[in-house]
Protein chains: 2
Amino acid sequence: MVFNERGYHATRLEDIAEALGMQKGSLYNYIDSKEALLLAVVTPPATQLLDSLSTLAESDLPASEKIRLVARGHARILEEYLPYVAVYVHEIAGQSHSEKWREMDRSYVRHLSAIIDDGRQTGLFDPATDPLISAMALIGALNWMTRWYVRSGTLSAEEIAERIATTFLAGLLARNQPAAPRSDDQE
Amino acid sequence: MVFNERGYHATRLEDIAEALGMQKGSLYNYIDSKEALLLAVVTPPATQLLDSLSTLAESDLPASEKIRLVARGHARILEEYLPYVAVYVHEIAGQSHSEKWREMDRSYVRHLSAIIDDGRQTGLFDPATDPLISAMALIGALNWMTRWYVRSGTLSAEEIAERIATTFLAGLLARNQPAAPRSDDQE
């Protein structure tokens, strides 16, 4: 991937055309900016992630289970599209000029906050839980994996996300509840 | 800050010289690259953060208190040097070409992991805690604040970090506390 070899900002559209064996002019027939190119690659997985989050949000699962599934899904996409997601997370997320992408980012945060808020309101999570801060903390912990996760390590991205979610959920649980079994113990 | 207005990668050394009212040639007498310039700005707070973490790691405080203080210190630096830290986190951290900076990043992770591991070994934290994954999750949650924290919000960066640390620590705490030390055969 030419973005990853040269860095997103150092990559010119000419370099991409060259990597694809095309003239720059021909490439411009298809795509008009580097951001558009990157977004074309990350659109299918991002849409898939958002759709599954939205379905999950509507389901009857307990909030803790929804969060665990969100974290695993997030990590699966991250692993599958690693270099593209890493570029997206650090170069585009939160500062895209595209309203469509800003809305997708916001929608993800909104769904996750709503799940956490639901867990708080039903007494599963501590009443002092701040849904937005908690959502951003989990998203940050997962997105930061793009900076240190390597495919050659002992654990898959999904296994790491499972551990992050386990600690996170244990932290959210209302203190007077019997602790939920840690999934580590069960596996 | 010219990096922040134009974006780090779109900023040329000429733009910085112009913002400082200097000729580009004169600026080159002092500094030879954008990365060097950014690092010159973030070196004092980064050194300060690392020094205080290293002092803290040696202290007799409980691991949970150390982690709370690390999180607050991290957020204070983030708030004070916000645009520079944001550029550092997304453009440099984990991919700097400077060995000195890579070593500072590693050192931060190493100290934080060691504190978490100490809490695990003394029975304060759950024995299933993975010190490295936990350290990276906390660093990720705090660093991600550069993408959403705004100074005009209700809470200061330090107050947000305090909440993140509270959830994180509640997640790490051994579930059967306060109780007799766990026998070895449980692990």
Å³ per residue enclosed by the Cα convex hull of the stretch A:34-186: 109 Å³
Order of A:THR167, B:THR129 - criterion: other Cβ atoms within 10 Å of each residue's Cβ, fewest first: B:THR129, A:THR167
Euclidean distance between Cα centres, the stretch A:67-82 to the stretch B:69-121, Å: 24 Å
Residue-by-residue Karplus 3J(HN,Hα) for the stretch A:78-86, coefficients 6.51, -1.76, 1.60, Hz, glycine and proline x: 4, 5, 5, 10, 3, x, 5, 5, 4
Violating pairs (Cα-Cα greater than 31 angstrom) within the set B:LYS34/B:LYS66; B:LYS66/B:LYS100; A:LYS100/B:LYS100: B:LYS34/B:LYS66; A:LYS100/B:LYS100
Label spacing, shortest first and in nm, from B:GLN121 to its equivalents in the remaining copies (7 angstrom along Cα→Cβ): 4.6
Nm distances between copies for A:SER156, ranked from closest, using label points 7 Å along Cα→Cβ: 4.5
HN-Hα J in Hz across the stretch B:100-109 - Karplus 6.51, -1.76, 1.60, θ = phi - 60°, x for Gly and Pro: 4, 6, 4, 5, 5, 4, 4, 5, 4, 4
Amide proton proximity set for B:LEU173, modelled H, under 5 Å, gap of 5+: B:ASP126
Simple label model, 7 Å out from Cα along Cβ direction - B:GLU80 to B:GLU99, nm: 3.0 nm
Counted charge near A:SER59, where neighbours are those whose Cβ lies closer than 14 Å (Asp, Glu -1; Lys, Arg +1): -3
Label distances, nm, B:ASP51 versus same residue in remaining copies, Cβ-directed 7 Å point: 5.5
Residues B:GLU91, B:GLU58, sorted so that the one with the fewest Cβ neighbours within 10 Å comes first: B:GLU58, B:GLU91
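Every read-out reported here was derived from the displayed coordinates using simple, explicitly stated rules and does not represent laboratory data. Given the structure is predicted, the values throughout are model-derived calculations rather than measurements. All Cβ positions, even for glycine, are placed from backbone atoms using ideal geometry, and neighbour counts span all protein chains on display.
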